[in-house]
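Each value in this text was obtained by applying a stated rule to the coordinates, not by laboratory testing. From a predicted model like this one, the values you see are computed outputs, not experimental measurements. Ideal geometry is used to build each Cβ from the backbone, glycine not excepted, and the neighbour counts take in all protein chains shown.
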Amino acid sequence: MLSTVREAMDRDYQIVVLRDACADRNADTHTFLTEQLFPAHTYVTTVDDLETLWA
């Protein structure tokens with residue numbers, strides 16, 4: 001997921017990361033990415049909250 005988000009950032013896309021629809025082999029890495037790194041450059045939300053974002 002990190003590679004995909006970085007590529008999208010390089011292309012200046014508006015990015016939405018669904019934290020409960022992606023994973024990393026290491027749970028601590030997933031937590032760091034979705035709670036620390038990605039929020040600085042993307043919108044991090046859950047599948048259930050996605051409808052609110054698009055409403």
According to a simple spin-label model (label point 7 Å from Cα along Cα-to-Cβ), what is the distance in nm between residue 11 and residue 49?
-> 2.5
Surrounding charge for residue 32, neighbours by C-beta under 15 angstrom, Lys/Arg +1, Asp/Glu -1, total 0
Rounded if a/c is under 1.5, else prolate if a/b is larger than b/c, else oblate: which is the chain, with a ≥ b ≥ c the root eigenvalues of its Cα gyration tensor?
-> oblate
